[in-house]
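Data first, discussion second: the structure below is written as structure tokens.
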Amino acid sequence: MKRSVFTIALLLGLQVSLTATAQNEKVTLRVQNAVRPLVEKWVAEYSKTNNNIAFQIVTGKTQDNENSISFVTEQADDAVFIARYAILPVVNKSSEAEQVLGSKRLNAKKLKSLFFVKDEFEDDTKETKAEKALHIYTGNSQQSASRTYAASFKEEISNYKGKKISGDDSFLNVALSRDPLGIAINSLSNIFDLQSRHLRDNLALVPLDIDKHGEQVLDEARLDDIILLLEQQQFAEIPVGKLGLQYDHHNSSQNAFVRWILTDGNKYIHEYGLLQLPQKELTAQLHRTEQKELAQK
């Protein structure tokens, strides 16, 4: 009799477990490689106390009618912004490109002249023969930091000089490693080692013409100091873009996950090379998720 009761209880427990698993909402998280480690951290931490969603992390474009949350780096009316990313110009360490630019400090006007084809009506910015010989590399994907960089200089991405690299922006580092005359722009997450907090091997920052404190911070090239600097100050020479989420705002479980990112998950932002949103904007984004959920009731 006891064995029968135990068997029935076991079967009932198994059925409840299977039912709960079957009821878990399956959500696809579509991310770019630069933020994938952060997203994996968020999922691991969120799942410790919330087991109502089964997450799958993938890269690539969102499919139609797919239950997904997509990470975007472009302005979108329906996106909720969760963090910021900074973009800096880099060369290969000890390369010919570093020799050309290493003794100079580039201001915004010089950067625009270096990376973009000049408009015939713009003032001519003189370039040396060595500068003209440099090879410009920019990303060509929809999520590339190159899009934000171009927009900050009021340029179209089609106006970039040089070669556009398909795929993830991490491939720009590979292009630089093969070209001693190469120079590229990339986000902090791609140019810094997130463990050591120093520049990735063989990379060097291009010196920029900003204030004395900022120049010192960039010269020392410590990731956490640069993040702190850019959260406190803005520079025309260092574009900063926003990382946002596009998802079904009427889905309560997805809304709950996004709210968790804006509150609890926010503490992991710096660890993965991103800048936090200013507190006022963070509060505004959190309020947006609350309004969307209230709208469906």
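The values are calculated or read from the model by the stated rules, or taken from the named source; none is laboratory data. A quick note: this is a predicted structure, and the numbers were derived from the prediction, not measured. Heads up, the Cβs are rebuilt from the backbone with ideal geometry, glycines too, and the neighbour counts pull from every protein chain shown. Quick note on the areas: whole protein, heavy atoms, side chains included, nothing else; ligands and nucleic acids left out. Shrake-Rupley method; radii C 1.70, N 1.55, O 1.52, S 1.80 Å.
Observations on the model:
- Residues of segment 210-268 that are closer than 19 Å to Trp42 by Cα, surrounded by fewer than 19 Cβ atoms within 10 Å (Cβ to Cβ) and basic (Lys, Arg): Arg259, Lys267.
- Residues of segment 165-188 satisfying the condition of being open to solvent by 10 Å² or more (accessible area, probe 1.4 Å) and assigned to a helix (DSSP H, G or I): Phe171, Asn173, Val174, Ala175, Ser177
- Residue pairs whose Cβ atoms lie under 7 Å apart, sitting 6 or more positions apart in sequence or on different chains, and linking a residue in segment 145-156 that is without any contact (Cβ under 8 Å) to a residue 40 or more places away in the chain to a partner that is of a type outside the set (Lys, Arg) and open to solvent by 60 Å² or more (accessible area, probe 1.4 Å), are Ala150/Glu156.
- Leu277 being among the aliphatic types (A, V, I, L, M), within 16 Å of Val35 (Cβ to Cβ) and either open to solvent by less than 60 Å² (accessible area, probe 1.4 Å) or in contact with a His (Cβ under 7 Å, 6 or more places away or on another chain) (or both): yes
- Residue check for Thr28: without any contact (Cβ under 8 Å) to a residue 12 or more places away in the chain, hydroxyl-bearing (Ser, Thr, Tyr) and out of contact with any Cys (no Cβ under 9 Å at 6 or more places or on another chain): no
- Selection status of Ala79, open to solvent by less than 10 Å² (accessible area, probe 1.4 Å) and at pLDDT below 95: yes
- Taking first residues from segment 176-195 that are among the aromatic types (Phe, Trp, Tyr) and partners that are surrounded by fewer than 23 Cβ atoms within 10 Å (Cβ to Cβ) and in a loop (DSSP other than H, G, I, E, B), the Cβ contacts under 7 Å between residues at least 6 apart in sequence or on separate chains come to Phe192/Arg200.
- Checking Ile210, Ile269 one by one, the residue that is closer than 26 Å to Lys93 by Cβ, in contact (Cβ under 8 Å) with a residue 12 or more places away in the chain and of a type in the set (Val, Ile, Thr) is Ile210 and no other.
- Members of segment 85-94 that are in a strand (DSSP E or B) and either out of contact with any helix residue (DSSP H, G or I) (no Cβ under 8 Å at 6 or more places or on another chain) or among the aromatic types (Phe, Trp, Tyr) (or both): Tyr85
- Counted residues, segment 145-164 - those being crowded, with 21+ Cβ neighbours inside 10 Å and either under 19 Å from Lys132 (Cα atoms) or not polar (S, T, N, Q) (or both): 4
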